[in-house]
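Report on one structure; see the data block that follows.
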There are 2 protein chains.
Amino acid sequence: MSFCLKCGHATEKAIPAGDSHYREVCPNCGFIHYENPKIICGALALWKDKVLLCRRAIEPRYGLWTLPAGFMELQETMEQGAARETWEEAEGKVAIDQLYCSYNIPRIGQVYMLFKGQLEEGAFGAGEESLECALFDEADIPWDSLAFPSIYRTLKHYYHDRKTYDFAKDQVPFHLETISGDDTVIE
Amino acid sequence: MSFCLKCGHATEKAIPAGDSHYREVCPNCGFIHYENPKIICGALALWKDKVLLCRRAIEPRYGLWTLPAGFMELQETMEQGAARETWEEAEGKVAIDQLYCSYNIPRIGQVYMLFKGQLEEGAFGAGEESLECALFDEADIPWDSLAFPSIYRTLKHYYHDRKTYDFAKDQVPFHLETISGDDTVIE
């Protein structure tokens, strides 16, 4: 059961004229409720080859490690969203330089947009949604305690690509992939 | 005035605990209504250096020319969305090969994701949302009758980049830009 955002009447599932998908449509006022994928913006924030990770203080995946990332808000750009999340989750200021990895996760209606950038002065703390944050060398990455497959894949790409590219200076290849399961199975 | 999707009660604007943005929150059932940017997927569908354009049969920008593009749907990838829109608007099958241009349009809560691809067999028609579709050479592009700044910019990038790259074979540079006005002023 669902109700109309505009008038509060119970909605009905219907395919609007000229449309090809079922929507929740209001039989009282005619309002059509579209539901679309959401963008998750985040940062691979680097400081002298180290990567900034956050240990989650919230569900899902409480206690596991992630890159700072979260839902893009209205009235911001993707880059601003990635920098805002880095500040909110890790109290770090990141200078974004390029889009690095993007993941379709159609099963849960999400698209990840992860940017590489430099963590200013290597400074960070821990925001309300993080138990702790830390800068990791490759040897110390908690591969078995990462929160999401998008994070696992991005770190794998990073450690592969940096054999070829200088992440502090170069434009590096952009990776676009689809994660076919949900966002909890590391693959 | 807004109503709760879950229970139909009138909502109130409030900042939920742990959040930093105002949301429509239901005082009856507690449901929080998040509103986030939407993704518009589309294709620069090429056939022997020609570009497939559609003349819009719908508002906004009725009668003006656009690349096939539209809101990404749940349960699809961005590439599938771009191919679906090319089929729906131009009855063309496009083989997507890479993400080419992305535009933040924060003022209207949209992010464009435009992919380059090859139009299979150069075949197309005109979908319900198009008055007509056509393949254009550079000299014939209707620069003064393009629907959106995202389309104008993408075509400008294409005609610039193809001096350097073979769009049928090469990976070409990805462009990420922010359009600061709304989506009607060509800039």
Suppose we keep just the alpha-carbon trace of the protein assembly as shown; what are its Rg and Dmax in angstrom? 21.7, 61
With the contact rule set at Cα under 8 Å and sequence spacing of 6 or more, what percent relative contact order holds for chain B? 21 percent
For the range A:10-26, what does the Karplus curve 6.51 cos²θ - 1.76 cosθ + 1.60, with θ = phi - 60°, yield as ³J(HN,Hα) per residue in whole Hz, taken in order and with x for Gly and Pro? 5, 8, 10, 6, 7, 8, x, 4, x, 9, 10, 10, 5, 10, 7, 10, 8
Averaged over the residues of A:2-11, the number of partner chain Cβ atoms within 10 Å of each residue's own Cβ comes to 5
If you count, for every residue in B:76-88, the Cβ atoms of partner chains within 10 Å of its Cβ, what is the mean? 3
Most to least packed among A:80-90, A:167-177, B:89-99, B:113-123 [average Cβ atoms within 10 Å]: A:80-90, B:89-99, B:113-123, A:167-177
For residues of A:152-164, the mean tally of beta carbons on other chains within 10 Å: 0
Run through the DSSP bridge list for the protein assembly as shown and note the antiparallel percent, rounded to the nearest 5. 65 percent
Based on the mean of other beta carbon atoms within 10 Å per residue, what is the order of B:138-144, A:2-8, most packed first? A:2-8, B:138-144
Under the definition of Cα pairs under 8 Å and six or more residues apart, what whole-number percent is the relative contact order of the range B:125-187? 41 percent
Can you list the residues, at least 5 places off or on another chain, whose amide H is less than 5 Å from the amide H of A:GLN110, using H built in the peptide plane? A:LYS38, A:ILE105
Checked against the positive end of the charge dipole of chain B (+1 on Cβ of Lys and Arg, -1 on Cβ of Asp and Glu, about the Cα centre), the farthest of B:ALA43, B:PHE148, B:LEU67 is B:PHE148
Hey, what number do you get for chain B at 222 nm if only DSSP H runs of n ≥ 4 count, each worth -39500 (n - 2.57), divided across all residues, to the nearest 500? -4500 deg cm²/dmol
What fraction of the DSSP beta bridges in chain A is antiparallel, stated in percent and rounded to the nearest 5? 65 percent
Cross-link table A:LYS169/B:LYS163; B:LYS50/B:LYS116; A:LYS169/B:LYS116; A:LYS38/A:LYS169; A:LYS93/B:LYS116, entries beyond 23 Å C-alpha to C-alpha: A:LYS169/B:LYS163; A:LYS169/B:LYS116; A:LYS38/A:LYS169; A:LYS93/B:LYS116
What relative contact order, as a whole-number percentage, does the range B:73-117 give when Cα pairs under 8 Å and 6 or more residues apart are counted? 32 percent
Helix A:78-90 versus the longest principal axis of chain A: what is the Cα-based angle in degrees, 0 to 90, to the nearest 10? 70 degrees
Give me, ordered by chain and number, the residues 5 or more places off A:TYR100 or on other chains with an amide H under 5 Å from its own placed amide H. A:LEU114, A:PHE115, A:LYS116
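Every read-out reported here was derived from the displayed coordinates using simple, explicitly stated rules and does not represent laboratory data. Being a predicted model, the structure only gives us computed values, none of them experimental. Glycine gets a Cβ as well: all are built from the backbone with ideal geometry, and neighbour counts include every protein chain shown.
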